[in-house]
1. Is there a residue being more than 30 Å from Val166 (Cβ to Cβ) and either modelled with pLDDT under 90 or among the β-branched types (Val, Ile, Thr) (or both) anywhere in the range 61-68?
2. Out of Glu157, Glu153, Glu125, Glu144, I need the residue that is without any contact (Cβ under 8 Å) to a residue 40 or more places away in the chain and in contact with a Lys or Arg (Cβ under 9 Å, 6 or more places away or on another chain). Which one?
3. Hey, could you check the range 169-218 for residues that are in a loop (DSSP other than H, G, I, E, B) and among the β-branched types (Val, Ile, Thr) and say which is surrounded by the fewest Cβ atoms within 10 Å (Cβ to Cβ)?
4. Before we move on, is Lys211 in contact with a Phe, Trp or Tyr (Cβ under 8 Å, 6 or more places away or on another chain) and of a type outside the set (Ser, Thr, Tyr)?
5. Go through the residues of the range 41-57 one by one and say whether even a single one is among the hydrophobic types (A, V, I, L, M, F, W, C) and in contact with a strand residue (DSSP E or B) (Cβ under 8 Å, 6 or more places away or on another chain).
6. Answer yes or no as to whether Ala34 is touching a helix residue (DSSP H, G or I) at 6+ places or on another chain (Cβ under 8 Å), at pLDDT 90 or above and small (Gly, Ala, Ser).
7. Take the conditions assigned by TED's automatic domain parsing to the domain that holds Tyr138 and part of a loop (DSSP other than H, G, I, E, B) and apply them to Val166. Does it pass?
Amino acid sequence: MPTIETETKKFEVDANGFLVEPQKWDADFAQAIAPGLGIAGGLTEDHWCVVTYVRTQFNQTGQCPMVHEVGKHCGLRLANMKRLFPTGYLRGVCKLAGLTYLEEQVHSSWLPVARMSAAKIPLRERVYRINYRGFLLYPEDWDEEYAVFKAREMGVEELTDEHWKVIKYLRDQFGTTGNVPTVYETCEKNGLELEDMGRLFPSGYHRGAVKISGLRQR
């Protein structure tokens, strides 16, 4: 496996130059790879503002922040980011910070207290097969992490206890009957009005709640 070496350390990287073990990152790694990313003259205060923010957000949320969030935090516009990190956000900023989107984790605060599935393999190795409309093909592939990522993809920033209650009901009913309950049944069993369902799942019942639950109408 390729390595990046400094005077006192050795860092393993993958074929694309990304740090293999993000937890081993330190400032020496960033400084060592900076010249290869088109950054001449060393890392400035602006560079470190970006790198530090990215790593802090990752440690707090399990995700790399969006590039516009980084720019806003550090007071940098497009031209500034392009000058500071000429190879781009993923191949520049995230690489310097020892991260990629593949390292994303689901923060424990986003998950229900009691899991409905067993986490058998590391998140980055899981495969979720979906159809052309984005519905999970095999309900047994579902887990809570899938629900969180699917929800965020659909604009639901956080799954609350209310969300998880609906998701659990849908999955339990499907497991018992083999059918997806109607929106009326789901609302009645969970003490919700249709307006509440719309608030929780803005994309709709089937395209929101059912999809996030890893189910679909046949």
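1. Of all residues in the range 61-68, those more than 30 Å from Val166 (Cβ to Cβ) come to 67-68.
Of the ones still in play, those that are also either modelled with pLDDT under 90 or among the β-branched types (Val, Ile, Thr) (or both) are 67.
Yes, because at least one residue in the range 61-68 is more than 30 Å from Val166 (Cβ to Cβ) and either modelled with pLDDT under 90 or among the β-branched types (Val, Ile, Thr) (or both).
2. Working: Glu157 fails: in contact with a Lys or Arg (Cβ under 9 Å, 6 or more places away or on another chain); Glu153 fails: in contact with a Lys or Arg (Cβ under 9 Å, 6 or more places away or on another chain); Glu125 fails: in contact with a Lys or Arg (Cβ under 9 Å, 6 or more places away or on another chain).
Criteria check complete, one pass: Glu144.
3. If we filter the range 169-218 for residues that are in a loop (DSSP other than H, G, I, E, B), which is where we start, we get 178-182, 190-193, 201-204, 213-218.
Applying the additional criterion that residues be among the β-branched types (Val, Ile, Thr) yields 180, 182.
Details: Val180: 22, Thr182: 10.
Of everything passing the filter in the range 169-218, Thr182 is surrounded by the fewest Cβ atoms within 10 Å (Cβ to Cβ).
4. Working: in contact with a Phe, Trp or Tyr (Cβ under 8 Å, 6 or more places away or on another chain): yes; of a type outside the set (Ser, Thr, Tyr): yes.
So Lys211 fits the description; yes.
5. Applying the first criterion (among the hydrophobic types (A, V, I, L, M, F, W, C)) to the range 41-57 yields 43, 48-51, 54.
Remaining after also requiring in contact with a strand residue (DSSP E or B) (Cβ under 8 Å, 6 or more places away or on another chain): none.
No, there is no match, as no residue in the range 41-57 is among the hydrophobic types (A, V, I, L, M, F, W, C) and in contact with a strand residue (DSSP E or B) (Cβ under 8 Å, 6 or more places away or on another chain).
6. On the way: touching a helix residue (DSSP H, G or I) at 6+ places or on another chain (Cβ under 8 Å): yes; at pLDDT 90 or above: yes; small (Gly, Ala, Ser): yes.
Yes, satisfied.
7. Working: assigned by TED's automatic domain parsing to the domain that holds Tyr138: yes; part of a loop (DSSP other than H, G, I, E, B): no.
The answer is no for Val166.
Yes/no matrix, rows are residues, columns are (1) of a type outside the set (A, V, I, L, M); (2) closer than 30 Å to Asp161 by Cα; (3) touching a residue at least 12 places away in the same chain (Cβ under 8 Å); (4) touching a Gly at 6+ places or on another chain (Cβ under 8 Å):
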| site | (1), (2), (3), (4) |
| --- | --- |
| Ile33 | no, no, yes, yes |
| Ala40 | no, no, no, no |
| Val51 | no, no, yes, no |
| Val70 | no, yes, yes, no |
| Ala79 | no, no, no, no |
| Phe85 | yes, no, yes, yes |
| Gly88 | yes, no, no, no |
| Val93 | no, no, yes, no |
| Ala97 | no, no, yes, no |
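The values are calculated or read from the model by the stated rules, or taken from the named source; none is laboratory data. From a predicted model like this one, the values you see are computed outputs, not experimental measurements. Cβ sites come from the backbone with ideal geometry, for glycine too, and all protein chains shown count toward neighbours.
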